[in-house]
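Everything on this sheet refers to the single structure shown next.
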Amino acid sequence: MAKYEHLTAPPDTAELPKGIPYIIGNEAAERFSFYGMKAVLAVFMTKFLLDMHDKPAYMSDEDAKIWIHNFGTAVYFFPIVGAFISDWLTGKYRMILSLSLVYCAGHAVLALIDMPVAVEPRQLLFWGLALIAIGAGGIKPCVSAHVGDQFGTGNHHRLSRMFSWFYFSINLGAMVSTILTPILLDEFGPAWAFGVPGALMALATLAFWMGRKVFVHIPPAGNRFFSETFSWEGIRAVVNLVPLYAFIAVFWALFDQTASAWVLQAEDINRHIFGWEIRSSQIQAANPFLVMFFIPVFSYAIYPFLSRFFQLTPLRKIGLGLFV
């Protein structure tokens, strides 16, 4: 098979695209970094945060929730910016790579919180989270679309299962980091708890850069982006998605409490299971574990069974999931 260097359209082949292993490696490490950092935020803010003189400067539970959810809001705002700029000017590859470096800088700033630097720790926390929100949010709309760009008509039938294993890698990284990072915080302190996820983000960026010569690179649309997006067809497509987004917004408003309110509530419950005490931050690992468990169940059993009775499109899968 011919190499994919600098292709602007997927080759017509039935084989799995060569760039996929680099994307999966990148995503597993990136999700490790994000969820590892996010897993310990509530406990760090309420139990480990110090001032410049190493005196306790702990936040109240309510203040910690405000910080975490403002951060979450920013993470889900910047996909709009990332998608707009990548489709218009930069293309997905350059957007992902450049914002991954911003992402790494955010982790580096957080790792300095436990170091003797002449900056107030709350300021470091703010700027670290701001950089991560820009990086993580900005690449969010590009990564999944970049996966789809690698597939052509010959191997399009592989795409659905490919995404299943793509999300398996995401949740594997999330589960491992959610279990490991709280241990690092308790045993070695904030510098390690934030530094190790930062190292994994640097590894994710390296893995993505290594795949540059085998990726399919779809060029940006330039000014054509505006005429397509704001055409009647483009506006109609957005309007058709509005009901879905309305329900998804409610879902994420509930789900993101797993990193704030639920962690703080877990501080006051019995967390002993089979003689082992689970840290409050580690309870979040239940979600990626269940996702990994259900991916093969749905991909190889439930979805094929339901497809016998009606066409199971991605939007119908989402709708059924929201209903359940």
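The values are calculated or read from the model by the stated rules, or taken from the named source; none is laboratory data. This one's a predicted model, so the numbers in the text were calculated from it and none came from an experiment. Because the Cβ atoms are built from the backbone with ideal geometry, glycine has one as well, and the counts that use them run over all protein chains shown. Accessible surface is based on the protein model in full, side chains and every heavy atom, while ligands, DNA and RNA are left aside. Shrake-Rupley method; radii C 1.70, N 1.55, O 1.52, S 1.80 Å.
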Straight-line reach check, residue 317, cutoff 21 Å on alpha carbons, 8 or more apart in-chain or any other chain, hits among lysines -> 140
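Take the alpha-carbon positions of the stretch 189-242, form their convex hull, and give its projected area averaged over all directions (one quarter of the hull surface) in nm².
7.1
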For 248-257, 108-117, ranked highest to lowest by mean beta-carbon neighbours within 10 Å, the order is 108-117, 248-257
Projected area averaged over all directions for the convex hull of the alpha carbon atoms of the stretch 151-234, nm², comes out at 9.1
On the accessible surface of the chain, probed at 1.4 Å with all protein chains in place, carbon and sulfur together account for a percent value of 69
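Where nothing but the Cβ of Lys and Arg (+1) and of Asp and Glu (-1) is charged, how large is the charge dipole of the chain around its Cα centre, in debye to the nearest 20?
The calculation lands at about 1040 debye.
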Phi angles of the stretch 87-100, converted by Karplus (6.51 cos²θ - 1.76 cosθ + 1.60, θ = phi - 60°) into ³J(HN,Hα) in whole Hz with x for Gly and Pro, give 5, 8, 10, 9, x, 5, 4, 5, 5, 4, 5, 5, 6, 5
